[in-house]
Structures are given as C-alpha cells and as structure tokens.
1. Looking at M1, M29, which one is surrounded by 10 or more Cβ atoms within 10 Å (Cβ to Cβ) and out of contact with any His (no Cβ under 7 Å at 6 or more places or on another chain)?
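Derivation of every value follows stated rules applied to the coordinates shown; laboratory data play no part. Please read all numbers here as calculations on a predicted model, not as lab measurements. We place every Cβ from the backbone using ideal geometry, glycine too, and count neighbours over all the protein chains shown.
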Amino acid sequence: MDSMRRAIRSRQEEEELAHLANRGIVTAMSHDLRTPLTALMGYLDILSIEEDPGKNRSICRSAVTRRAR
C-alpha cells in the first residue's frame, strides 16, 4: 500500500513538473509570436490608409527591410 502511494505521489510530481515546463514554453512562444505579429498588424494598418498608397508601401517596405538586417 505504501509503495502504491509513493508511485501515485511520484506520478503527480512528474505531471506537475511537465505542466510547469509546458506553461513556460507556451509563455515564451506566445511572446515570440506576439511581437512580430504586432509589427505586421501595424504595417497592415499603415497600408490600409488610402491617402497615399504608394508612400505607405514605401514606408512599410523600408521598415521591413531595416528589420530584416
């Protein structure tokens, strides 16, 4: 009976560690995805302004080119 309790406790500890590791990975991945997606959304907002589409494309192109280096 005692060995069964130890096995259950060990399994629960393993699950908790796996959960914490997964949460850390998801948090880091979420941040790594959110940052570039936010920039892309900003560029799309600039491109959607219809005052001077050619100028807006040029602004976005130069911003993306600078970031790619």
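1. Matching residue, one of M1, M29: M29.
Matching residues to (1) assigned to a helix (DSSP H, G or I); (2) within 25 Å of the chain's Cα centre (by Cα); (3) aromatic (F, W, Y):
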site	(1), (2), (3)
M4	yes, no, no
R11	yes, no, no
H19	yes, yes, no
I25	yes, yes, no
T35	yes, yes, no
M41	yes, yes, no
E51	no, no, no
A63	yes, yes, no
